[in-house]
Amino acid sequence: MSELAPWQQRPYHQAIAALAEGRLGHALLLMGPALMGKREVALRLSRRLLCATPGADGQACGACRGCRQFEAGTHADFKHVSFIPNDKGDKLRSEIVVDQMRALGHWFALTPQLGGAQVALVEPAHALNTAAANALLKTLEEPAPGRYLLLVTDQPGRLPATIRSRCQRLEFRLPPRDEAEAWLAAKGHGPQARQRALDAARGHPGLAADWLDGGHLALRGDVMKELGAVAEGRRAPVELAGAWLGDELAPLRLRFAAEAVLDGLSHRLAAAPAPGLTLPDDFQKLSAWFDAANRLRNQLSLPALRHDLALAGLLLEWRSMFKDTARTGARR
Ligand SMILES: [Zn+2]
């Protein structure tokens with residue numbers, strides 16, 4: 001097994017220590033930003049909980065029958081619950097449904113086949129629909145010894161409070177900058193690339209690595225230039241909307257655009273000159289635009305909408321903010 005990053009090790013060791021002291025909860029909520037390696041920790045913890053002969057270091061032995069079956073993906077006392085195909089069978093559902101949670105409740109009532117623990121991993125836990133969440137609640141209300149439920153989410157706020165309150169939390173937090181840099185360095189990224197990626201990703205190492213590997217930092221630079229061109233009337237919103245939707249990177253472009261606004265606003269609050277785009281002064285309009293950009297980004301996954309019109313509208317709004325600024329002479 002690969003070595004865990006420091007920000008994965010902390011919640012993992014927190015759980016292992018709790019287990020050793022007999023205070024590990026039956027339900028765990030692994031929460032924190034996406035791309036922090038939560039699933040990997042959940043799997044590692046599952047393997048440990050199912051190991052018959054863990055080492056003195058608290059790790060799974062890797063050699064017992066439980067460990068071998070887990071590695072082979074055939075452990076009968078481990079269940080991984082996620083999206084299942086829809087009724088037509090042509091794609092995955094976007095929710096975890098009640099039948100899955102009922103089945104899980106029945107499964108937890110069985111005798112473990114290897115005589116040890118039973119572990120279920122549910123992800124993404126925020127995708128439980130209301131009926132599924134209610135069914136899960138029943139399971140949570142009747143904890144049985146040796147039964148562990150691991151819920152993984154990057155949006156814990158979308159889980160009902162009744163479920164959250166019954167879980168022990170394992171939080172994944174963004175690491176200190178030097179730790180993130182050392183991790184990126186070990187992945188072979190040079191000092192300049194590391195700095196730029198971590199700045200762009202606001203210190204999130206997983207995101208920085210994702211953007212470095214995908215070559216997306218250049219895209220971020222392009223988005224800044226393109227927004228500048230629209231603001232100055234050198235590029236037509238409708239035409240740029242078409243260009244942005246020309247490949248699968250439109251959501252990332254909108255993310256970068258929204259963050260450019262956020263960066264500008266936070267530098268303004270700190271009374272520091274913002275790098276990159278010079279923004280108009282209207283705080284309310286800027287924050288409304290930030291919200292609209294994020295909303296549209298979420299809607300891009302819905303096929304029914306006219307994304308070209310919505311994006312062109314957003315970029316027109318962008319241009320008009322700068323026009324207003326020029327007219328009132330409020331440019332900084
Ligand atoms: Zn083992």
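The numbers here are math on the coordinates, done by the rules we state, and not lab data. What you are looking at is a predicted structure, and each value in this text was computed from that prediction instead of being measured. No Cβ is skipped: glycine too gets one built from the backbone with ideal geometry, and neighbour counts run over all protein chains shown.
For the chain, the orientation-averaged shadow of the C-alpha convex hull comes to 20.2 nm² (one quarter of the hull surface). Taking only the Cα atoms of segment 6-171, the radius of gyration and Dmax are 15.4, 49 Å. Peptides 256-263, 207-214, 186-193, 13-20, ordered by how many other C-beta atoms sit within 10 Å of their residues on average, highest first, read 256-263, 207-214, 13-20, 186-193.
For segment 1-70, the alpha-carbon radius of gyration amounts to 1.08 times the rule-of-thumb value 2.2 N^0.38 Å expected for a compact globular protein. Gyration tensor over the Cα atoms of segment 140-266: the corresponding equivalent ellipsoid has semi-axes (square roots of 5 times the eigenvalues, largest first) of 37, 22, 13 Å. The alpha-carbon atoms of segment 174-332, seen along their principal axes, cover 49, 41, 24 angstrom, with the largest extent given first.
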